[in-house]
């Protein structure tokens, strides 16, 4: 069916191609091969793009790593500046100088501060710090290691900036408020512009200026002075030059206000907008300027708030990628040219069999050659007949759909359906719709339908299944979906499919469904049924497992009878049934002794232990049944000489037990079998006991002289247990067997004592005693006098 359905669109397509030339098939083949040819090219393009992306990311990570190394070096160097600033600003004499800088005695204090502190601080400042000085606003005094002067003299004779006059320097650097602020790189003139000192040490240098405003700890809160630290930019650029030489990129250092402090070039090619994209966390982003593709990588310092930016032309790290790209393009051209030639040859080779096949079709069909202008018209005529046959086949399949659906569902619940890709098409074809992926299986066993229909024909069984199936269908579709499947004459299965909106109520709905079904079927239609319910399973692949659970639950019908049995309630743990060897021996003794009351009590006890207090599994119940049947057969074999024709009847009784449906019925039948055998043995017990007693007494009378004569010897001779012989002899004769042996020996001893020919010791050995002491003791116990006195009285 599915194959025919898939052929219809293909036939329609062929009909639309009626007026195409024969070469259309060849072109289709050629295009198909070209598409296959281009498939590896597409994959290669995707792979190349991923390789390119990986290389770009690797280059960016490398730039970030070098920037991170630069950041660590700069943080370490800037830490020296912070330490110097803290030592000077927190010096206890600094607060005194800031508050008393107008007093006359301050001159000495300034010189003392230079000598005691500034000169000493100079000794441990690193190469990163070029020089430093302190400005006191109140006295217009500047202190540096070895120098005390006013601001104008200091600017003209020591340090001045190339692009800044005295007034601007004093206002912007010395008197403005600065909190650990770094000024951009500027040219520092170290000789104050005087040509008299033109040595290398006095040549202008590029410096970063660190400014920290000084405010007294007590008193006024306005700026009373400033600490200025000059940082040699050469040291900074030596750190930057390592990255610059490694990847030929431009490095920039900006502060938190996006102001460029220093870099590898004097001209900043990046705009403020680019600086605004730089975040606190390390990262990178592409940037385009003047038609050139750039890659901007950045990182930041939490210690001082600086950001380190690397700007690298994209072409630098894409050189290898571009060379690979050129090689790939040439290979693609060669591959495409060779592939096109191969595609044409293959298409032509594969088109030739099509032509030959069409010629063979034309020869084999009674179609006029003039009516076939191309192969598609011939295919049209051929498939028109196929369509007619297809319609007829579909009509036949529609008639068989119910039967096919029932067969499919029957195989599905047994787990015999291959869950392939066509599984959903099979469901659609047979109009089977599952509303979710949650399933459960309910197995229905018809136990008795005689009250519904007196007949037991196939017609009546079909009517019974029809009634149950209709009731199931109505109950299922109240909340969920499902299907009722007939498996056997007296067995049906419900495949229950739960709706997703009521998955939480799946088990309560199932319990309600089976209770209602059992009540309606048994009370209204008088049909006795047993229902076995599986657990809820996810996925239609687990339907077979749910059916296996239902089968396992229905086995407990022999334990629970006609009821609703849930798989999760049955006892699936390993157990052992109670029927020890001692109990079997006890049961056999009761039967052989004819004690019907004890037999009944013992069988009732076995049933209560194994089926009431701790119910066993059906498999173990069958094993117990076989053991009891084996005990019954043992008793029959031991007594068959006296039972004769009763043996055949006992085998028929065992067959009747195997036909029982429940354990209770088996118990009743088994109890009846044992009681029947017990009563049979009891009826024969009278004659048998008299004969056995005579045989025992005769044996004792003939072997009383044997010193080993005793209970064990008699039991061994008559193939009985000593306990049985002792109990039997006392119960039958009314005396203990040892007393009877003693009386028999004393009777013979009295006869020998009367003759007076033998001594007492000789007489003791004659009657089976080991010595005369034993004889004397037993003789006195039985006769009341000793053997000597008895001889004297004779």
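Residues in region 129-143: is at least one loosely packed, with under 13 Cβ neighbours inside 10 Å and either over 23 Å from residue 74 (Cβ atoms) or more than 60 Å from the chain's Cα centre (by Cα) (or both)? Checked region 129-143: no residue is loosely packed, with under 13 Cβ neighbours inside 10 Å and either over 23 Å from residue 74 (Cβ atoms) or more than 60 Å from the chain's Cα centre (by Cα) (or both).
Results for (1) crowded, with 21+ Cβ neighbours inside 10 Å; (2) assigned to a helix (DSSP H, G or I); (3) in contact with a strand residue (DSSP E or B) (Cβ under 7 Å, 6 or more places away or on another chain), shown as yes or no for each residue.
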{"site": "460", "(1), (2), (3)": "no, yes, no"}
{"site": "472", "(1), (2), (3)": "yes, yes, yes"}
{"site": "496", "(1), (2), (3)": "yes, no, yes"}
{"site": "501", "(1), (2), (3)": "no, yes, no"}
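Test each condition in (1) over 48 Å from the mean Cα position of the chain (by Cα); (2) under 22 Å from residue 276 (Cβ atoms); (3) surrounded by 16 or more Cβ atoms within 10 Å (Cβ to Cβ) for residue 305 and report the one that comes out false. Unmet condition: (3).
One line per residue, one yes/no per condition, for (1) closer than 30 Å to residue 729 by Cα; (2) within 49 Å of the chain's Cα centre (by Cα); (3) modelled with pLDDT of 80 or more:
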| site | (1), (2), (3) |
| --- | --- |
| 598 | yes, no, yes |
| 607 | no, yes, no |
| 615 | no, yes, no |
| 632 | yes, no, yes |
| 640 | yes, no, no |
| 653 | no, no, no |
| 657 | no, yes, no |
| 676 | yes, no, yes |
| 687 | yes, no, no |
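A single member of 58, 86, 69 is part of a helix (DSSP H, G or I) and over 25 Å from residue 241 (Cβ atoms), and it is 86. Could you tell me whether any residue of region 565-573 is under 30 Å from residue 721 (Cβ atoms) and not assigned by TED's automatic domain parsing to the domain that holds residue 623? Within region 565-573, not a single residue is under 30 Å from residue 721 (Cβ atoms) and not assigned by TED's automatic domain parsing to the domain that holds residue 623. For region 603-617, a residue qualifies if it is assigned to a helix (DSSP H, G or I) and buried (at least 17 other Cβ atoms within 10 Å of the Cβ), and the qualifying residues are 603, 606, 607, 610, 611. Does residue 321 satisfy the criteria of being under 30 Å from residue 42 (Cα atoms), at pLDDT 75 or above and either assigned to a loop (DSSP other than H, G, I, E, B) or not assigned by TED's automatic domain parsing to the domain that holds residue 255 (or both)? In short, no. How many of the residues making up region 724-757 are touching a helix residue (DSSP H, G or I) at 6+ places or on another chain (Cβ under 6 Å) and either assigned by TED's automatic domain parsing to the domain that holds residue 594 or over 16 Å from residue 711 (Cα atoms) (or both)? Going through region 724-757 one residue at a time, the tally reaches 4. Quick one: residue 452 ticks every box in (1) assigned to a loop (DSSP other than H, G, I, E, B); (2) exposed (fewer than 12 other Cβ atoms within 10 Å of the Cβ) except a single one, so which number is it? Every listed condition holds for residue 452 apart from (2). Among the residues of region 510-534, those identified as more than 41 Å from the chain's Cα centre (by Cα) and within 16 Å of residue 476 (Cα to Cα) are 519, 520, 521.
Entry remark, region 747-768: residues being free of Cβ contacts under 8 Å to residues at least 24 places away in the same chain, closer than 26 Å to residue 713 by Cα and part of a loop (DSSP other than H, G, I, E, B) number 0 in total.
Residue 553 meets all of the listed conditions (1) within 36 Å of the chain's Cα centre (by Cα); (2) surrounded by fewer than 16 Cβ atoms within 10 Å (Cβ to Cβ) but one, namely (2).
Checked against the criterion of being out of contact with any strand residue (DSSP E or B) (no Cβ under 8 Å at 6 or more places or on another chain), more than 30 Å from residue 314 (Cβ to Cβ), surrounded by 14 or more Cβ atoms within 10 Å (Cβ to Cβ) and modelled with pLDDT of 70 or more, region 237-256 contains not a single residue that satisfies it. Summed over region 607-638, the residues that are in contact (Cβ under 8 Å) with a residue 40 or more places away in the chain and more than 16 Å from residue 560 (Cβ to Cβ) give a count of 12.
Checking each residue in region 141-152 for being touching a strand residue (DSSP E or B) at 6+ places or on another chain (Cβ under 8 Å) and either in a helix (DSSP H, G or I) or modelled with pLDDT under 85 (or both) picks out only 151.
Residue-level check: of (1) outside any strand (DSSP E or B); (2) surrounded by fewer than 17 Cβ atoms within 10 Å (Cβ to Cβ), residue 285 misses just (1).
Does region 777-790 hold any residues that are surrounded by fewer than 17 Cβ atoms within 10 Å (Cβ to Cβ) and in a helix (DSSP H, G or I), and which are they? Within region 777-790, 777, 780, 781, 782, 783, 788, 789 qualify.
The values are calculated or read from the model by the stated rules, or taken from the named source; none is laboratory data. Note that the structure is a prediction, hence the values are computed from the model and not measured. Please note: Cβ atoms are built from the backbone with ideal geometry, for glycine as well, and neighbour counts cover all protein chains shown.
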